[in-house]
Amino acid sequence: MELRVEELLEGTLLSKTLSFCPTCLKVIEADLIETKDGVYLVKEHCGRRIVYKLENDAEFYREFRLNFEDFVSQKLEIGETVLDAWRKKLNTMPCPQVYITSKCNMKCKVCFIRDALKERDMKPEELGELLEIYKGKTITLTGGEPTIHPQFFEILDIIRKKGKRAWVLTNGTMLDEESFVRKMKEKKVYRVCLSFDGWKPEIYEKWRGVNGEEWLKRKEKAIELLRKYNVPTNIFMVVSKENIDELPKVIDFIIRDENKFIKDLWAISLYPSDTRPSDVVEKVSKTYNIPKEYFYELKRLKWNAFKVYYRLKPNKKEVDTDMLYDIIFFKIEDGTIKPLFPLEEVKRMNRKIEKILNMPIGKFLLHLPLLLPELIRYIRAKLNHYRRKDLALTLSRILTPENIDLNRDFNLGLDLLFYLYLKKPEELERLDEPLPGVPMCAIKGI
């Protein structure tokens with residue numbers, strides 16, 4: 001989004017960060033600037049000056065995002081390419097996305113892969129090679145549309161034999177067939193991540209390029225079958241100004257007793273829509289009478305719990321960067337959602353943990369038992385969402401090289417940039433090993 005230079009110069013520099021140059025895909029420095037109407041990411045490289053509005057609400061950005069950065073020891077350096085960065089971070093990714101196919105049976109306008117890849121499928125043995133490299137437990141299968149891969153179920157078998165778990169990101173077009181969903185259940189798919197943007201047919205027509213009425217029926221059939229076979233499911237809702245009013249309806253639907261198979265809701269802000277995560281927070285806050293400060297304090301509590309873990313961890317080079325996900329938990333009670341703990345109690349917990357975290361290591365270890373009640377309460381509440389006593393709401397946005405903040409978006413966005421390399425053969429020529437997460441047959445087809 002464009003901003004007049006004079007307005008930008010009047011803004012306040014909040015922080016320096018790292019981002020990518022969209023032209024050369026190298027890590028570059030960027031500024032985070034607060035103005036009267038929000039927070040902007042500003043960077044210059046390869047003769048281009050890019051100004052992107054990260055948030056409409058500056059207070060939200062300061063309180064919820066600015067102070068929380070990656071703890072991983074393997075830091076990025078200015079001048080590295082996205083390929084170098086990926087290799088550095090591969091083993092700290094909690095759930096890397098693997099593009100098992102570039103084919104899709106839809107043409108969604110919100111898709112970053114659309115028209116970028118040659119229509120190819122990853123071979124199962126190529127996935128096996130990736131699983132030997134990656135140390136984590138979970139693999140996210142995406143594309144394209146992963147469920148139309150001709151060897152989709154064979155791929156699920158390989159993942160299971162390697163002792164790993166499969167998440168499947170899907171538009172749901174194959175999930176309105178009972179035999180398909182039953183087989184997914186038999187293959188022990190760990191989580192289905194189903195795109196669902198609400199009940200307005202016109203949203204699907206505008207953003208998904210399909211017949212809205214027909215598509216809604218297929219979505220509802222898929223949800224019915226996932227419920228029947230009790231397949232753990234996440235709902236991925238792309239939120240724009242056109243459907244943000246549907247968000248409370250989606251939440252109310254998810255928290256029904258009969259929908260306990262739905263574990264999480266991801267609210268993903270559409271690029272380049274004017275909607276941002278702060279708008280999602282505003283909508284949830286007003287609808288359910290939950291103070292916005294609760295979002296800030298629960299994020300602090302999550303981060304403080306992680307810092308206790310990190311201080312005790314012997315090997316600090318391999319840290320699960322799942323901490324970068326902006327997940328907020330709510331208690332499901334009386335047919336609605338409420339804060340896990342009263343706001344003042346969360347503040348008290350944070351003050352207590354932070355006081356002990358600031359102590360030298362000896363005093364910290366001595367006082368550590370005093371933290372156990374707070375940490376146990378938080379961890380127990382967090383785990384309740386697996387049993388769907390709580391709702392986990394993840395705030396995210398569609399990332400591009402223009403808007404990524406690598407200090408805060410790393411694990412959420414780095415893999416989304418790899419399709420650009422399929423347009424840059426000169427980078428691929430220097431590879432001496434397969435590029436993790438990208439179908440090698442698509443690379444070889446350039």
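The values are calculated or read from the model by the stated rules, or taken from the named source; none is laboratory data. All values reported here derive from a predicted model rather than from experimental measurement. When we count neighbours, we look across all protein chains shown, and the Cβ atoms used for this are built from the backbone with ideal geometry, even at glycine. Heavy atoms of the whole protein, side chains included, go into the accessibility calculation; ligands, DNA and RNA do not. Shrake-Rupley method; radii C 1.70, N 1.55, O 1.52, S 1.80 Å.
Side notes on the structure shown:
- Lone unmet requirement of (1) surrounded by 19 or more Cβ atoms within 10 Å (Cβ to Cβ); (2) of a type in the set (A, V, I, L, M, F, W, C); (3) within 22 Å of Asp264 (Cα to Cα) for Ile353: (3)
- Residue within the range 324-340 that is in a helix (DSSP H, G or I) and of a type outside the set (A, V, I, L, M, F, W, C) present: no
- Test: residue in the range 392-409 that is part of a helix (DSSP H, G or I), at pLDDT below 80 and acidic (Asp, Glu): no
Yes/no matrix, rows are residues, columns are (1) among the β-branched types (Val, Ile, Thr); (2) open to solvent by less than 10 Å² (accessible area, probe 1.4 Å); (3) farther than 20 Å from Leu399 by Cβ:
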{"residue": "Glu129", "(1), (2), (3)": "no, no, yes"}
{"residue": "Ile133", "(1), (2), (3)": "yes, no, yes"}
{"residue": "Pro150", "(1), (2), (3)": "no, no, yes"}
{"residue": "Glu186", "(1), (2), (3)": "no, no, yes"}
{"residue": "Val192", "(1), (2), (3)": "yes, yes, yes"}
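- Every residue from the range 265-295 that is outside any helix (DSSP H, G or I) and among the aliphatic types (A, V, I, L, M): Leu265, Ala267, Ile268, Leu270, Ile290
- Pick from the range 225-241, criterion touching a Ser or Thr at 6+ places or on another chain (Cβ under 8 Å) and assigned to a loop (DSSP other than H, G, I, E, B), ranking: surrounded by the fewest Cβ atoms within 10 Å (Cβ to Cβ): Lys241
- Test: residue in the range 211-223 that is touching a Gly at 6+ places or on another chain (Cβ under 6 Å) and either within 26 Å of Lys183 (Cα to Cα) or assigned by the TED database to the domain that holds Leu393 (or both): yes
- Residue among Thr81, Thr12 that is modelled with pLDDT of 75 or more, over 27 Å from Val238 (Cα atoms) and surrounded by fewer than 17 Cβ atoms within 10 Å (Cβ to Cβ): Thr12
- Members of the range 210-223 found to be open to solvent by 80 Å² or more (accessible area, probe 1.4 Å) and under 25 Å from the mean Cα position of the chain (by Cα), listed by number: Glu220
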